[in-house]
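The values are calculated or read from the model by the stated rules, or taken from the named source; none is laboratory data. Note that the structure is predicted; figures quoted are calculated from it, not measured. Note: ideal-geometry Cβ built from the backbone for every residue, glycine included; neighbour counts use all protein chains shown. Surface accessibility is based on the protein's heavy atoms, side chains included, excluding ligands, DNA and RNA. Shrake-Rupley method; radii C 1.70, N 1.55, O 1.52, S 1.80 Å.
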Amino acid sequence: VWQSNPIRYYFESVHIVGGERGVYLSSITAGASYELVMKDSTVKFARGFNGIDASAASLTILQNVIVSQNENDGIGYYNILGGWDYISKAIEVNVTSRRNGEGNTANGETLNGSTTHYYCAVIRVGGSYTRNKGPNIADVGGAQSWNLGTAASASTATVNCGNFVIQDGQMWLHR
């Protein structure tokens, strides 16, 4: 869905299977944004891109969502407009993101369960990020994250497989 006006999408008990992208909502106009709320839903087997791709979202809230076996990242937050004027915010509560990146040979071993890029901020509460083909959680490009009781383990990457969580912005971890 491409949207030029601000809008909120709400999905509850929705199960998305297959397709080129699972959920891809993006703004085509600078300053226009959308909000995505998903609850008790699954996104699986997207072939070509991420399971959930939140480009330029002003707010994304995921609760009890399973994201699994997508070709690229399970969940990706990207601020395509750039700058802190368009900061993208996300909250993940009890999200399971597993086995993403399987079978992908084009993108190496940098496919994540959840990843935040460029002027984005995410709070993860609970949740499990396992067996992804790369760091299970990767918050990069100046991103900020706060992870509370979040489990990330067992990356299937063969290179640098010890990096289950990476960051180059600000990350806070709490047990």
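Counting only residues that are among the small types (Gly, Ala, Ser), modelled with pLDDT of 85 or more and out of contact with any Pro (no Cβ under 9 Å at 6 or more places or on another chain), the stretch 132-157 holds 7 of them. Screening Gly101 on (1) part of a loop (DSSP other than H, G, I, E, B); (2) open to solvent by 10 Å² or more (accessible area, probe 1.4 Å) shows it passes everything except condition (2).
If you filter the stretch 24-57 down to residues that are modelled with pLDDT under 70 and not in a loop (DSSP other than H, G, I, E, B), you find that the one that is surrounded by the fewest Cβ atoms within 10 Å (Cβ to Cβ) is Ser26. Taking the stretch 104-117 as the range and being open to solvent by 10 Å² or more (accessible area, probe 1.4 Å) and not in a loop (DSSP other than H, G, I, E, B) as the test, only His117 passes. Assuming Gln167 fulfils every condition listed in (1) exposed (fewer than 15 other Cβ atoms within 10 Å of the Cβ); (2) farther than 19 Å from Arg99 by Cβ; (3) at pLDDT below 75 apart from one, which condition is it? Of (1) exposed (fewer than 15 other Cβ atoms within 10 Å of the Cβ); (2) farther than 19 Å from Arg99 by Cβ; (3) at pLDDT below 75, only one is false for Gln167: (1). Is it true that Gly76 is out of contact with any Cys (no Cβ under 9 Å at 6 or more places or on another chain) and either modelled with pLDDT under 85 or not in a strand (DSSP E or B) (or both)? So Gly76 does not fit the description; no. Looking across the stretch 58-70, the residues that are surrounded by 24 or more Cβ atoms within 10 Å (Cβ to Cβ) and either without any contact (Cβ under 8 Å) to a residue 40 or more places away in the chain or part of a loop (DSSP other than H, G, I, E, B) (or both) come down to Thr60, Leu62, Val65, Asn70.
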